[in-house]
Amino acid sequence: MTTVLTPASPLTAADRCDRCGAQAYLRVVLTSGGELLFCAHHGRKFEPELKKIAAEIQDETDRLNAPSTASDEEH
């Protein structure tokens, strides 16, 4: 997926995939002016088609591999 650094606000847990409702990690700004949100799975699945219609792609899938900030010992 092509990462575009944009001034768009970061995606949050409230942003949901337009395909399945999971947390969104990709925002696709369309050349037509709209936007779509996708989870990492559907972003990868639709990547070839999205690249054809996207003006910008905000890819935050790297957050999936970031270390957790919560301690495993906290209960």
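The table that follows gives values for the structure above.
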| item | result |
| --- | --- |
| Yes/no for Gly21 being modelled with pLDDT of 95 or more and surrounded by fewer than 10 Cβ atoms within 10 Å (Cβ to Cβ) | yes |
| Near pairs, Cβ below 8 angstrom, 6+ apart or cross-chain, from region 50-61 (of a type outside the set (Lys, Arg)) to any residue that is assigned to a helix (DSSP H, G or I) and open to solvent by 20 Å² or more (accessible area, probe 1.4 Å) | Ile57/Lys51 |
| Residue check for Arg63: surrounded by 10 or more Cβ atoms within 10 Å (Cβ to Cβ) and at pLDDT 95 or above | no |
| Where a residue in region 25-44 is more than 13 Å from Ala55 (Cα to Cα) and among the aromatic types (Phe, Trp, Tyr) and its partner, wherever it lies, is in a helix (DSSP H, G or I) and open to solvent by less than 20 Å² (accessible area, probe 1.4 Å), with Cβ under 9 Å and at least six apart | Tyr25/Ala40; Tyr25/Gly43; Phe38/Leu50 |
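The rows are residues; the columns are (1) of a type in the set (Val, Ile, Thr); (2) over 13 Å from Ala8 (Cα atoms); (3) assigned to a loop (DSSP other than H, G, I, E, B).
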position: Asp18; (1), (2), (3): no, yes, yes
position: Arg27; (1), (2), (3): no, no, no
position: Gly33; (1), (2), (3): no, yes, yes
position: Leu36; (1), (2), (3): no, yes, no
position: His41; (1), (2), (3): no, yes, no
position: Lys52; (1), (2), (3): no, yes, no
position: Glu56; (1), (2), (3): no, no, no
position: Asp62; (1), (2), (3): no, yes, no
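The values are calculated or read from the model by the stated rules, or taken from the named source; none is laboratory data. Please read all numbers here as calculations on a predicted model, not as lab measurements. Cβ coordinates were reconstructed from backbone atoms using ideal geometry, including for glycine residues, and neighbour counts include every protein chain displayed. Protein only, heavy atoms only, side chains kept; ligands, DNA and RNA dropped before computing areas. Shrake-Rupley method; radii C 1.70, N 1.55, O 1.52, S 1.80 Å.
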